[in-house]
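Asks: Before I ask anything, here is the structure I am working with.
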Amino acid sequence: MTDNIYSKGTRVWLTDKEQGWISAEVVQVTKGDNDAIKLVFLDDRGKVSTLFRASKNHGDKSPLLAQIT
């Protein structure tokens, strides 16, 4: 499901401590074994953030994947 929602070029909103929300773009999608996924975002300030999910069977059914680093 996540690969249908998040593809390279998709515009997203990320939480931001200073502004509340900041616009970003998916710049890289890496799929691994057992539906593991890594997403890399570039926000409007030029900051790169990475999001990981070990597998689809991890129990989380929401489109929000994990803590952004």
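Asks: Checking the condition open to solvent by 80 Å² or more (accessible area, probe 1.4 Å), in contact with a helix residue (DSSP H, G or I) (Cβ under 6 Å, 6 or more places away or on another chain) and modelled with pLDDT under 90, which residue from 61, 56, 31 passes?
Replies: 56
Asks: Sticking with this structure for a sec: Between a first residue in region 42-55 that is without any contact (Cβ under 8 Å) to a residue 40 or more places away in the chain and a second residue that is acidic (Asp, Glu) and open to solvent by less than 70 Å² (accessible area, probe 1.4 Å), which pairs have beta carbons less than 7 Å apart while being 6 or more apart in sequence or on different chains?
Replies: Listed by first residue and then by second, the contacts come to 42/25; 49/43.
The values are calculated or read from the model by the stated rules, or taken from the named source; none is laboratory data. Bear in mind the structure is a predicted one, so any value in this text is a computation, not a measurement. Here the Cβ is made from the backbone with ideal geometry for all residues, glycine too, and neighbour counts use every protein chain on show. The area values use the complete protein model at the heavy-atom level, side chains included, leaving out ligands, DNA and RNA. Shrake-Rupley method; radii C 1.70, N 1.55, O 1.52, S 1.80 Å.
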